[in-house]
1. I'm trying to understand the selection: among the residues of segment 86-109, which are surrounded by 12 or more Cβ atoms within 10 Å (Cβ to Cβ) and in a loop (DSSP other than H, G, I, E, B)?
2. Return the total of residues in segment 50-71 being over 13 Å from residue 24 (Cβ atoms), part of a loop (DSSP other than H, G, I, E, B) and touching a helix residue (DSSP H, G or I) at 6+ places or on another chain (Cβ under 6 Å).
3. Just to be sure I understand the filter: pairs with C-beta atoms under 9 Å, separated by 6 or more residues or on different chains, first member in segment 52-70 and of a type in the set (Ser, Thr, Tyr), second member surrounded by 14 or more Cβ atoms within 10 Å (Cβ to Cβ) and not in a loop (DSSP other than H, G, I, E, B). Which pairs pass?
4. Need pairs with beta-carbon distance below 6 Å; first residue over 14 Å from residue 25 (Cα atoms) and within segment 72-87, second surrounded by 11 or more Cβ atoms within 10 Å (Cβ to Cβ); sequence gap 6+ or separate chains.
5. Report the residue count in segment 14-38 for those that are in contact with a helix residue (DSSP H, G or I) (Cβ under 9 Å, 6 or more places away or on another chain) and without any contact (Cβ under 8 Å) to a residue 24 or more places away in the chain.
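What follows draws every value from the coordinates through simple rules; no lab data is involved. All of these numbers come straight from a predicted model, not from anything done at the bench. Glycine gets a Cβ as well: all are built from the backbone with ideal geometry, and neighbour counts include every protein chain shown.
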Amino acid sequence: MTPEWDSFDHQGRLQREWVTVSAMLRLYCRGKHGRRDGLCTACRELSSYVRRRLERCPYGPFKPTCARCPVHCYNAGMRRRIRAVMRYAGPRMLLRHPALAFRHLLDGLRRRPDPPRQQSR
């Protein structure tokens, strides 16, 4: 299963984040749920949720990694689920997808951005 490179509206950082999370979800689903042909229903649901959150990110292409972001946009249940995915897949990314893992580590070193300002009406 290949990440959807061209269908994502934003370029750069958001696209990289989507590709990285997609790879993590595939590793997690394969390891925890035994799926070899795509994602199970629960992982597909989480993937869709992550995608919506990324599409609505107030930082756009300047998005920091989630761990360094001052705006936590996931609800509590989804945040627990994605943390479990990252905890499982993170170390495995170094072996399975070293370029993505390295870029994610570099993105995590970027300066933490200021929270986006609300537009006044």
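1. Within segment 86-109, just 97 meets the criteria.
2. 1
3. 59/13; 59/14; 65/17; 65/104; 65/107
4. That search, which allows pairs on different chains as well, returns 73/53.
5. 5
One line per residue, one yes/no per condition, for (1) touching a His at 6+ places or on another chain (Cβ under 8 Å); (2) under 17 Å from residue 106 (Cα atoms); (3) in a helix (DSSP H, G or I); (4) not hydrophobic (A, V, I, L, M, F, W, C):
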| site | (1), (2), (3), (4) |
| --- | --- |
| 22 | no, no, yes, yes |
| 37 | no, no, no, yes |
| 48 | no, no, yes, yes |
| 84 | no, no, yes, no |
